[in-house]
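Trainee: After the structure tokens below, expect a handful of questions from me.
Every number in this text was worked out from the coordinates using simple rules, so none of it is lab data. All values derive from a computational prediction rather than experimental measurement. Cβ: placed from backbone, ideal geometry, glycine included. Neighbour counts: every protein chain shown.
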Amino acid sequence: MLAFIQQIVSGIATGGIYASLALGLVLIYRAMDVANFAQGEMATFSTFISYSLIEYAHFDFWSAFVVTILVSFGLGVAIERLLIRRFEGAPVLTLLIVTLGLFTIFNGVTGLIWGYVFKAYRGAFPSTPVQFGGLYLNTQDLGVFAVVLVMLLLLYLFFSRTKAGLAMRAASLYPDSSRLLGVRVGWMLALGWGLASTVGAVSGMLVAPIIFLDPNMMQAILLFAFAAAVLGGIESPLGAVIGGVAVGIVMALVGTYIPGGQDLRLAFGLVVIVVVLLVRPAGLFGRAAVKRV
Amino acid sequence: MRRLPRVRPELLGLAVIGGIVVLGVPTVTNQFVTFEFAKVAIFAIALMGLNLLTGYSGQISLGNGAFMAVGGYTTAILVQRTGIPYWTTIPVAALVAGGFGFVIGIPALRLTGVYLALATFALALSVPPVLNHYDTFTGGHGGIVMPAVLPPFSLDLSQEQWLYYMDSGIALLLFVFAWGVVRSRTGRAFMAIRDSETAATASGISLAYYKTLAFGLSAAYAGVAGSLLAIATSYLNPDTFGLSLSLALLVGVVIGGLGLDFGAVFGSLFVVWLPYYAEKASGLHIGALSFAGKPDIFYGALLIVILFFAPNGAAGLLQRAWRWYLHRRTAVRSPLPEPVAER
């Protein structure tokens, strides 16, 4: 029984990472109805930037963290302004393929600059086990979860309490009316991409100390983040976090209790996505889509 | 009596020249180039399948690499276990992969756009680990080695030449079949679904039937391609069929021309030869960074550039050039109204 609870606890911890990447996906989806396939690769790229800052420029972790976040924000804004904007009004298929193009570009550029050798990444939190009533918690996992919760809180405050957050919500729901009221809709989209890129960078920097750093590290995590976003309802940030935790728990249990589960985890991610979409397409916290024809 | 459609002499000439080039390539090139062109034929088949699904029916798939894996492993396992001649496994691979695609198409019925892309993306990512896991069947990481293919009837051909002619022949057959499908009732139903699902349903088209059919057909094509790839390389392992294969297929079909017949041919030329030239570009340096062996960046950049400047791909550009030529010709003789675009 204790072993079972232990698995759930570590599942919650990994779920925090899926949740943070899923948050980035949800932000872009809310802004423009597109799943950003490049989310994971952009996060990997940002994480490598922080790696270089720490290893070569001798920054300490938290200053590298802040610089990376600023760079990632700028990167996200730049991508929207310079590239995505050119495809405004294009079919969803076209936009999806553009994000897939970004996926391969970022993956290739990361490999080009930093190579494909796995690198150890020193994170913010030491990995020391803490015993807590017979359960082992890891300080690293606790730190990851704390960062994700703070991020969620900040996003919540941003969207509900600030003028820019309100404008962003308005721009994504009623672009035309918002434009008439003086909201600069294009820049709101760019802001959405910037935020998503930032959130992704944070998740990259959180996960890199746990798995090793390499250009493909986010691909599996992206799949689980998709599963998390779909489970939570792809429009709901809170849903993304709860979905992330749920997917984390399921994957931890699958890895432990199903023979060969480690190999089959990705396939279970697929199963989660398909089952959720078939049983409850709007996810746990999403609104059912009603389409007028 | 139906009259045969009139064919313009220019088109006939192009077809004859094309035929001579296709037949003649392996006699004037070396073994490596011949083998690469055999791969062009194989990828053309996979891209025709993806074009039926994404180009004509509007259902995005990032998972056609997975269907190729099913076809490839069907052939490899059958040949290795039963020792039956390799060519008998090609239709079996088509059937098995087609059935698999049909089954995948059932949940895909409920998924549109973004969600379908997500599910098929997950499919593409999860195939290699699953193949690795069931290693009693698939040989795991080690893969499966098959006996090399020899030309039949003691034909005076090298192995590469035989592979080239066989693969091109099958590709031609399947091209004609796809051509027919697109121009049939089924093809019109596919395009109606692509253009508006609501309108298609209102016109009495069964979404369930035609969408699963599109997935099944597409997967069968991919299955044949996977099978031929296994036969050509006489070896396969799970890494052959990873996400990058599915991405390459999507890139190929977009660059070739979505929803245009010849798109698959141009796309496959591109998918097969770009990595080769990217490898050759090892002289290309930016500071200490070498672009050798990294076709991904070119793939991604070209994908975006093509979507921006030529959304209908290479085939679309050629079609435009052809219309312009026709327009010029007819305009000189008699001013006719501009030919109505097909779509």
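Trainee: From the Cα gyration tensor of segment B:30-333, with a ≥ b ≥ c the square roots of its eigenvalues, which class applies: rounded if a/c is under 1.5, or else prolate if a/b is larger than b/c, or else oblate?
Mentor: Rounded, since a/c falls under 1.5.
Trainee: Further question: What are the extents of the Cα atoms of the protein assembly as shown along their three principal axes, in Å, largest first?
Mentor: Result for the protein assembly as shown: principal-axis Cα extents of 83, 63, 55 Å.
Trainee: Say each of residue B:156 and residue A:56 gets a label point 7 Å from the Cα, pointing the same way as Cα to Cβ; how far apart are those two points in nm?
Mentor: Each label point is offset 7 Å from its Cα along the Cβ direction, giving 6.0 nm.
Trainee: About the Cα centre of the protein assembly as shown, what is the dipole size in debye to 20, counting +1 per Lys and Arg Cβ and -1 per Asp and Glu Cβ, all else neutral?
Mentor: 2120 debye
Trainee: Note down the relative contact order for chain B as a percent, whole number, built from C-alpha pairs under 8 angstrom at least six residues apart. All intermediate terms of the calculation are to be shown ahead of the outcome.
Mentor: Values: 533 pairs, mean separation 98.9, N = 343.
Contact order relative to length: 29 percent.
Trainee: Further, regarding this structure: Mind checking segment B:217-277 for chymotrypsin sites (Phe, Trp or Tyr not before Pro) that DSSP puts in a loop (not H, G, I, E or B) and that have at most 14 other Cβ atoms within 10 Å?
Mentor: Loop-located and lightly packed - none at all.
Trainee: Restricting to DSSP H runs of at least four residues, report the calculated mean residue ellipticity at 222 nm for chain B, -39500 (n - 2.57) per run over all residues, nearest 500 deg cm²/dmol.
Mentor: -23500 deg cm²/dmol
Trainee: Per residue of B:243-255, count partner chain C-beta atoms within 10 Å of its C-beta, then hand back the mean as an integer.
Mentor: That works out to 2 on average.
Trainee: Can you work out the base-10 log of I(q)/I(0) for segment B:133-211 at q = 0.12, 0.18, 0.20, 0.25 1/Å, using the Debye formula on its C-alpha atoms alone?
Mentor: Normalising to I(0) and taking log10 leaves -0.70, -0.80, -0.85, -1.08.
Trainee: Does anything in segment B:46-78 have its amide N under 11 Å from the 7 Å Cα→Cβ label point of residue B:197, and if so which residues?
Mentor: Backbone N within reach: B:59-60.
Trainee: Here's something else I'd like to know. Any number yet on Rg/Rh for segment A:166-293, C-alpha, Kirkwood?
Mentor: Taking Rh as the inverse mean 1/r over Cα pairs, Rg/Rh reads 1.06.
Trainee: Another question, then. What's the average, rounded to a whole number, of partner chain beta-carbon atoms within 10 Å of each residue's beta-carbon in A:86-99?
Mentor: Mean partner-chain Cβ count within 10 Å for A:86-99: 5.
Trainee: Which of the peptides A:230-243, B:131-144 is most tightly packed, and how do the rest follow, going by the mean number of other Cβ atoms within 10 Å of each residue?
Mentor: Put in order of decreasing packing, that is A:230-243, B:131-144.
Trainee: Also: Going 7 Å from the Cα of residue A:279 in the Cα-to-Cβ direction, what parts of segment A:235-268 have a backbone nitrogen less than 17 Å from that spot?
Mentor: A:242-254, A:268
Trainee: Of chain A, which part is the longest with no chymotrypsin sites (Phe, Trp or Tyr not before Pro) in a loop (DSSP not H, G, I, E, B) and with at most 14 other C-beta atoms within 10 angstrom?
Mentor: With chymotrypsin sites (Phe, Trp or Tyr not before Pro) excluded where exposed in loops, chain A gives A:119-211 as its longest stretch.
Trainee: Here's another thing I want to ask about it. Rounded to whole Å, give me the distance from the Cα center of segment B:43-95 to that of segment B:219-260.
Mentor: First find each Cα centre; the distance between them is then 8 Å.
Trainee: Continuing with the same structure: Pick out, in residue order, every one of the trypsin sites (Lys or Arg not before Pro) in segment B:1-80 that is DSSP loop and has at most 11 other C-beta atoms within 10 Å; say none if there are none.
Mentor: B:2, B:3, B:6
Trainee: Follow-up. Check every DSSP H run in chain A and write down those whose alpha carbon atoms cover 18 angstrom or more along the long axis and whose mean Kyte-Doolittle hydropathy is -1.0 or greater. Before the final figure, lay out the partial values.
Mentor: Working: long enough: A:2-32 (44 Å, 1.47); A:39-55 (24 Å, 0.36); A:61-82 (30 Å, 1.69); A:92-114 (33 Å, 2.00); A:139-161 (32 Å, 1.77); A:185-207 (33 Å, 1.53); A:218-232 (20 Å, 2.18); A:237-257 (30 Å, 1.87); A:261-279 (26 Å, 2.16).
Those that pass (Cα extent of 18 Å or more, hydropathy at least -1.0) are A:2-32, A:39-55, A:61-82, A:92-114, A:139-161, A:185-207, A:218-232, A:237-257, A:261-279.
Trainee: If contacts are Cα pairs under 8 angstrom and at least 6 residues apart, what is the relative contact order of segment A:34-130 in percent?
Mentor: In percent, rounded to a whole number, it is 47.
Trainee: Something else about it: Any idea how far apart residue B:8 and residue A:212 come out in nm if each label point goes 7 Å out from Cα toward Cβ?
Mentor: 5.9 nm
Trainee: Let me ask another. Looking at segment A:82-141, which trypsin sites (Lys or Arg not before Pro) are in a loop (DSSP not H, G, I, E or B) and have at most 15 other Cβ atoms within 10 Å?
Mentor: A:122
Trainee: Let me ask another. With an 8 Å Cα cut-off and a minimum separation of 6 or more residues, compute the relative contact order for chain A in percent.
Mentor: Relative contact order for chain A comes out at 36 percent.
Trainee: Hey, another quick one. With the alpha-carbon atoms as the only input, what is the per residue convex hull volume for chain A in Å³?
Mentor: Here the figure is 142 Å³ per residue.
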